[in-house]
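See below for the structure under consideration.
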Amino acid sequence: MSAEREPVGVIGTGYVGLVTAVGFAELGSDVVCVDIDAEKIARLNRGEIPIYEPGLAELVEKNRERLTFTTDISVALDRARLLFVAVGTPPTYSGDADLSAVHAVVGAMPASDRHALVMKSTVPVGTGEAIKRVFAEQGKSGFRYVSCPEFLKEGTAVSDFLAPDRVVVGDDGDWAGDAVVELYRPLLVPDEGGNGPGQLVRTDIASAEMVKLASNAFLATKISFINEIANVCEETGADVVEVARGMGLDERIGPKFLNAGIGFGGSCFPKDVTALKQLAGNSGYHFQLLNSVIEVNELQKRRVIGKLEKHLGTLIGKRIALLGLAFKPNTDDMREASSLVLSARLQAAGAEVTAFDPIASEIAAPMLRGVTLADDAITAARGADAVVLVTEWQEFRDLDLAELRSVMAGDVLIDGRNALDGDAAASAGLRYEGIGRRALTAEPGRPVSTVAGA
Ligand SMILES: NC(=O)C1=CN([C@@H]2O[C@H](COP(=O)(O)OP(=O)(O)OC[C@H]3O[C@@H](n4cnc5c(N)ncnc54)[C@H](O)[C@@H]3O)[C@@H](O)[C@H]2O)C=CC1
Ligand SMILES: O=C(O)[C@H]1O[C@H](OP(=O)(O)OP(=O)(O)OC[C@H]2O[C@@H](n3ccc(=O)[nH]c3=O)[C@H](O)[C@@H]2O)[C@H](O)[C@@H](O)[C@@H]1O
């Protein structure tokens, strides 16, 4: 299989770059991975994987022979026609995407009729057309351009890549778009000639760019929506978990991304929602809805403070333990994690903060000034007046709640992800409060499940 597969170049070996490279290697392509970070390339050449992502290290090891890691772009240009771009596009102070890394890659391309840039990085709509204009101005109009946005999620990145819901290819209908479709062929639905589950969406470049931004903005909107419903549930006695279950059974709504919590984080939702809002604004359209999505998310991260004050009174001198720091489980990514806002707000309110994360503690440490990091959940909770579940790692779901209660000074447990069993917590003597759910507390003589209010 490997002999017939198109070789691939991948520029940028972060999350998306590494997973893309390993995914194509798994499908049988030889892949040249290029990064300007020499230290990262040296680590990859030593067999070290610079990010925590389940399944990735095993797949890199398995496909070692097909993967080349280098800082030299000419190796990729020599061996591959298709150069997948997976460099970062972080937000700028204006909210626009910072395209400097993309521009650096474009500038490094030679005049060629044999190559194509395939954009995996998330970029504003219009970027592809702008790059094509740059190529034309530089006498490189033979260089082809394809938009091929990536939809993987951190924590399940490898399986998302290898079993995509859809593959979006935006191009000018030339050889490059055809070649990208052929690379993905094994992942496409059978009537597209392959075996995988993915639908192919082949379209123009601007529409492909917009599919990516609109998808992230829609998912973020769904989360902010359910978070607002949760907040109303708290005022009215409804339980948002039951509400989400009831809503999600409607096929038009669907059950996913209806988990209320303490706000969305990560490297993409906050950045891409803001970038789309900014893109709309730059084009003269005021995207009202996205302003609310962003604002609701900011407020949601802070609502935990109010819950803690309701139970503890002033937070001055109180000890609060945070379980989980990463923006979601199964990743060590701290970008825009709710824990960063929460720990800063708690300290500003006078609380002492301890924290534990199974994987992200080391990366988080420099970002969490004043926070005491513990080696495990129970040590973090020792002597705490309240514990807040911030990231729903499986090991926190499996915690012995009686043991947790026994080491705490107080009895308040705020479940920021609705991941724990409230009845079990109350039975263990904890005052349990989730997001958008009735608070539970074990009072003598009353069955826990019928107790409301705290
Ligand atoms: N992280 C995620 O889950 C997803 C990210 N995306 C998008 O993919 C893009 C990449 O995201 P991540 O992988 O998270 O970024 P990252 O920040 O983890 O990695 C980017 C890599 O590009 C390298 N780089 C920067 N400039 C370069 C250059 N001129 N030449 C070669 N390498 C260069 C950096 O050294 C770094 O290793 C972003 O646009 C992001 O929005 C899309 C879907 C999922
Ligand atoms: O463009 C990107 O980078 C990626 O962004 C998200 O993926 P990711 O950020 O890895 O993680 P998600 O699982 O989407 O979670 C994002 C945030 O939303 C929160 N979330 C998610 C789902 C939910 O129901 N409730 C909720 O609060 C999570 O806790 C997390 O903080 C998208 O899901 C991917 O499709 C997309 O490719």
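The values are calculated or read from the model by the stated rules, or taken from the named source; none is laboratory data. Note that the structure is predicted; figures quoted are calculated from it, not measured. With ideal geometry, Cβ positions are generated from the backbone for all residues, glycine too; neighbour counts draw on all protein chains shown.
Details
- Flag if residue 17 is assigned by TED's automatic domain parsing to the domain that holds residue 104, at positive phi and touching a residue at least 24 places away in the same chain (Cβ under 8 Å): no
- Applying the condition of being modelled with pLDDT under 95 and touching a Pro at 6+ places or on another chain (Cβ under 7 Å) to the range 129-165 and asking which residue is nearest to ligand 1 (Cβ to nearest atom) yields 155.
- Subset of the range 135-152 (residues that are surrounded by 15 or more Cβ atoms within 10 Å (Cβ to Cβ) and without any contact (Cβ under 8 Å) to a residue 40 or more places away in the chain): 135, 140, 143, 144
- The residues in the range 150-185 that are in contact with a Ser or Thr (Cβ under 8 Å, 6 or more places away or on another chain), more than 18 Å from residue 216 (Cβ to Cβ) and not in a loop (DSSP other than H, G, I, E, B) can be counted, and the count is 2.
- Residue count for the range 249-265, restricted to those that are small (Gly, Ala, Ser) and surrounded by fewer than 22 Cβ atoms within 10 Å (Cβ to Cβ): 1
- When 115, 103 are checked against the criterion of being within 17 Å of residue 147 (Cα to Cα) and in contact with a Leu (Cβ under 7 Å, 6 or more places away or on another chain), a single residue qualifies: 115.
- When residues of the range 234-246 are limited to those that are outside any loop (DSSP other than H, G, I, E, B) and in contact with a Gly (Cβ under 9 Å, 6 or more places away or on another chain), the one nearest to ligand 1 (Cβ to nearest atom): 244
- Residue 125 vs. criteria closer than 17 Å to residue 84 by Cβ and either outside any helix (DSSP H, G or I) or touching a residue at least 24 places away in the same chain (Cβ under 8 Å) (or both): no
- Boolean, residue 221 is in contact with a strand residue (DSSP E or B) (Cβ under 9 Å, 6 or more places away or on another chain) and either within 16 Å of ligand 1 (Cβ to nearest atom) or not aromatic (Phe, Trp, Tyr) (or both): no
- Selection within the range 181-192 - touching a residue at least 40 places away in the same chain (Cβ under 8 Å) and surrounded by fewer than 22 Cβ atoms within 10 Å (Cβ to Cβ): 182, 186, 187
- Filter pass, residue 301 being at pLDDT below 95, buried (at least 21 other Cβ atoms within 10 Å of the Cβ) and of a type in the set (Lys, Arg): yes
- Where helices (runs of 4 or more DSSP H) fall entirely within the range 341-444, those with at least 1 residues that are within 16 Å of ligand 1 (Cβ to nearest atom) and surrounded by fewer than 23 Cβ atoms within 10 Å (Cβ to Cβ) are at 361-364.
- Every residue from the range 27-84 that is of a type in the set (Val, Ile, Thr) and either touching a Phe, Trp or Tyr at 6+ places or on another chain (Cβ under 9 Å) or closer than 26 Å to residue 169 by Cα (or both): 31, 32, 34, 41, 51, 60, 68, 73, 75
- When 174, 239, 160, 178 are screened for being in contact with a Lys or Arg (Cβ under 7 Å, 6 or more places away or on another chain), surrounded by fewer than 17 Cβ atoms within 10 Å (Cβ to Cβ) and on the phi < 0 side of the Ramachandran plot, only 174 passes.
- Among the candidates 72, 98, residue that is within 25 Å of residue 50 (Cα to Cα), surrounded by fewer than 16 Cβ atoms within 10 Å (Cβ to Cβ) and not small (Gly, Ala, Ser): 72
- Near pairs, Cβ below 6 angstrom, 6+ apart or cross-chain, from the range 356-385 (in the same structural domain as residue 336 (by TED's automatic domain parsing)) to any residue that is of a type in the set (Ser, Thr, Tyr) and surrounded by 17 or more Cβ atoms within 10 Å (Cβ to Cβ): 359/52; 368/343; 371/343; 372/354; 373/361; 374/354; 380/354
- Scanning the range 252-303 for residues that are outside any helix (DSSP H, G or I), among the hydroxyl-bearing types (Ser, Thr, Tyr) and within 16 Å of ligand 1 (Cβ to nearest atom) returns a single hit, 267.
- Flag if residue 238 is more than 10 Å from ligand 2 (Cβ to nearest atom), in the same structural domain as residue 335 (by TED's automatic domain parsing) and over 17 Å from residue 338 (Cα atoms): yes
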